[in-house]
Amino acid sequence: MMVLCIFLSSLLMLFGYGLYQDYMLEQKDFDQSSKELYVSSIAQSEDIDRDGYFMNPELIVTKEELDACIARVPEKYLGDSSFFTVYVYAPYATYNLPSPYDYCTCFFYIKDGKYLPVEQVFMNGMDHPGAEGRMFTDEEYSSNAPVINLGSHELTPLGEQVTFFDGKEYTAIAKGGIFREVPYGCLPSDAILNFIVYNAEKPLSFEQYSELKNAFSSILDRVEIRNYVPFYGEDYWMYNSAMLGALLIAVVAAFNLVVLYHYVLVRRQKSLAIFQLCGCTKGKAIRLYVAESLLLTVPCYCLAALFYHFVLLEPFTRVFPYIDTAYSLRLYATGFGIFVTVCTLAIWILSVWIVSRHSIVERKGGVL
């Protein structure tokens, strides 16, 4: 019964925290930057009037280097719920002001190791005047087929061959957006990065932002990352108030545990009397009961947290879309500290009261 009580109380505390966070986040209108990791190159001179169009070769990030960074993005951040936006220059655009034909965009997500096109971006491009055609098929995109989406301003008829800045011929299948777009895998390895954006479905927690940023660690000396805008913004009180809610649940859970443990200790009065007759001091008895409660509380909470994260969280997310953004290793560790501390304190107070309730003289005289 105690194991079940601790297990269910832990689940209730974790769920209560996430539910509160979900409710508060549902009320917020998020700035798009809170859902993005924006990485831009610093190779281009900031003083165009003085330097003209100039890119420092020592600060350039190539597509080959970018591939290595994308490969380090944790798999849990990939899939059709998030996508990458990549803007690159032609390899020869280092010292010459590039024309729209020397600039290229790519929009893709990664699923099961395949690079695939993003339908929502294509549909947005179709809103431009003069837009027409079809989007890349999954097969075309993942196989790096030589097809191209032209800018909506271009006059080349669909179906015609177009020379891209890598010198290859591409078949025009659409016109939409501002710049040309080809499958990401078609870009030459020495194409020059302008910027890349990881676009998430939900606001990024600080832990998620840090993990994604770490994927680009090899080029951090040559890029600038837009300042992180936490989805809590100025409402950091929301995090703290949710933790207070979790603390309240932990207190209630500890009270239930105390009621149950009180029954156990009362039933152990005879055992306690024997312990004391054999020389066990009150302090040792109290420490014994507290240690016993810790041996139950610590593993039960850990099992409950694992069960909650890997079994319950996914179905809960279907009903409460922001609930999964509330959890991180830090959160589980904080919940552990709150729950174990409150329960231990409550059991310690109960143990002191039970052990000190009757004297050893009363036990010897058969009062108990």
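Computed from the coordinates by the stated procedures, all read-outs in this text should not be read as laboratory data. Quick caveat, the model's predicted, so the values are computed rather than measured. Ideal geometry is used to build each Cβ from the backbone, glycine not excepted, and the neighbour counts take in all protein chains shown.
A compact table of results
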{"read-out": "Cα-based reach from K76 at 20 Å (exclusive), listing lysines while leaving out same-chain residues under 8 positions away", "value": "K35, K111, K114, K202, K213"}
{"read-out": "Alpha-carbon centroids, region 281-350 and region 106-142: separation in whole Å", "value": "45"}
{"read-out": "Gain on full stretching of the segment that runs from S189 to S210 - 0.36 nm per residue minus C-alpha separation", "value": "4.9 nm"}
{"read-out": "Extension gain, K76 back to F307 (0.36 nm per residue minus Cα-Cα distance, nm)", "value": "81.3 nm"}
{"read-out": "Cα-projected label distance for R134 with R318, points at 7 Å along beta-carbon direction, nm", "value": "3.3"}
{"read-out": "Sites M1 and V298, calculated FRET efficiency, Cβ-Cβ separation with R0 25 Å, nearest 0.05", "value": "0.90"}
{"read-out": "Global geometry of region 30-225, whether rounded, prolate or oblate, following the gyration tensor of its Cα atoms and the 1.5 cut on a/c", "value": "oblate"}
{"read-out": "Two-site label geometry, L220 and T334: point separation in nm, points 7 Å out along Cα→Cβ", "value": "2.3"}
{"read-out": "Sequence of I349, I286 once ranked by neighbouring C-beta atoms within 10 Å, starting from the fewest", "value": "I349, I286"}
{"read-out": "Phi-based couplings in Hz for region 157-172 (Karplus 6.51, -1.76, 1.60; Gly and Pro marked x)", "value": "x, 5, x, 7, 8, 10, 8, 8, 6, 8, x, 8, 8, 10, 8, 6"}
{"read-out": "Where a label projected 7 Å from the Cα of E64 along Cα→Cβ would reach, residues of region 164-193 with amide N under 11 Å", "value": "189-191"}
{"read-out": "Length released on extending from N227 to H153, taking residue separation times 0.36 nm less the Cα-Cα span", "value": "23.3 nm"}
{"read-out": "Footprinting exposure proxy for R180, R222 (fewest neighbouring C-beta atoms within 10 Å first)", "value": "R222, R180"}
